[in-house]
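Taking it in order: structure first as structure tokens, then the write-up.
The values are calculated or read from the model by the stated rules, or taken from the named source; none is laboratory data. Worth saying up front: this structure is predicted, and the values here are computed from it rather than measured. Cβ coordinates were reconstructed from backbone atoms using ideal geometry, including for glycine residues, and neighbour counts include every protein chain displayed.
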Amino acid sequence: MDTAARLDAKLLYRHLDSLFGSVDGQRSRKKVMESFLEEFFRTLRDDLRLRGGVLYEPRRDDIHLLSQVGDLGGVTAETLDPELPPARLIFRHGVYIFAEPGWEDAPARFGLLPPGPAAGLAVGRRPDRYVLLFLLNPGWVREELDFALNTVRAALGARLIEERLRGGLTEAARIQQSLLLEEPPPFAGYDIAARSVPAEEVGGDFFDFLPFDDELLGLAIGDASGHGLPAALLVRDVVTGLRMGIDKDLKVAQVFARLNRVIHRSNLSSRFVSVFYGELEAGGNMVYVNAGHPAPLLFSRDGTSMSGLATGGTVIGPLPEARFRHGHAKVQPGEVLVLCSDGILERSSPGGEFFGEERLKAVVQDAMRGGAAAAEILERIFKAATDFSRRRSWEDDATLMVVRRPGA
């Protein structure tokens, strides 16, 4: 790359600030994104060496091409499969410049862009993620491009939240955006997938991961009572409490007892939460505490033997003092651990029947017989629960985590 003439960072920031100031927050999200892509490309195409750009918008079942700018010199894909390796890199990092060895031509190899250096960014959170891909001209500078795209991602994400949410919901969304993870961290020897779908703009469900080192991973799932701002504030307190209180050498039952006292003393109108927390070792051993949460299910290699992880105590919050016990489990090679919230199990049919644990078990067993990966098992459960209710909107927050230990 020719790095002789670098764009002044202050000048670049002024350009971006001007662009964000021109975005009309009263327009629809779709129009805001289309307008921004056009103005961003027109203003900074020469400075950032942009050859062309494409914008993908979220739809019910896929991510669809919305608009494109510049000279792409070829046909771009009409839909973007979120499981394609280039898309996964963008979603994991937020901004990804395809310049690493082996990945320079990844967008072209998977039919997303014509051949050439490229960069991408994701704006928003699943399932409302917009994706922008840019084809680059010779002379682009990594530092400038990285700075510009990360600034765009942060500012556009905040602008879209403000456009969609107002008042207390804006605050709640920011709380959750700042705390909750979107993708599980890598943990050698395991295949992990997780997703949380709020019933309203913000919800009271959460999942979290606490990587201690290469040999130990903490994982948590919880369900706070209520919805909206009170539930989001409770989630904030619980997630922060776990992250601050959990230590590799501390006893998790004692941490839960202290966390219960903190939540009980809070003045929130919604102050009850079920939490499951486990510490998974690389060898498969797990110590856990279940504070009133639906018991996670451990499926054996053949999918026929299941056990629920129920040891622990009551939900966190109602009692001033609560005692918790820890339980033990082992995830053997070939086994699958499934954690979910009530929103999955209590998903109701038009006739009022719950989706329930037995239907969830059947979906997992069928997926395991086909050797499905964690992400596919997760997708099948969500699809089965959605189809069971005849695709009605979610009545309660729904959260799911799948931990698979591949084996011969």
Considering only residues that are among the hydrophobic types (A, V, I, L, M, F, W, C) and touching a residue at least 60 places away in the same chain (Cβ under 8 Å), which ones fall in the stretch 319-359? Ala322, Phe324, Val331, Val336, Leu337, Val338, Leu339, Cys340
Only one of (1) over 15 Å from Val54 (Cβ atoms); (2) in contact (Cβ under 8 Å) with a residue 12 or more places away in the chain does not apply to Ile90, and that is (1)
Filter result (surrounded by 22 or more Cβ atoms within 10 Å (Cβ to Cβ) and under 25 Å from Phe212 (Cβ atoms)) within the stretch 289-308: Val289, Asn290, Ala291, His293, Pro296
Does the stretch 83-100 contain at least one residue that is closer than 22 Å to Leu181 by Cβ, under 23 Å from the mean Cα position of the chain (by Cα) and of a type in the set (Asp, Glu)? yes
Here the residues within the stretch 181-235 that are at pLDDT 85 or above and touching a His at 6+ places or on another chain (Cβ under 9 Å) are Ile221, Gly222, Asp223
Those residues of the stretch 309-333 which are surrounded by fewer than 22 Cβ atoms within 10 Å (Cβ to Cβ), over 14 Å from Met286 (Cβ atoms) and in contact with a Ser or Thr (Cβ under 8 Å, 6 or more places away or on another chain), in sequence order: Val315, Ala322, Arg325
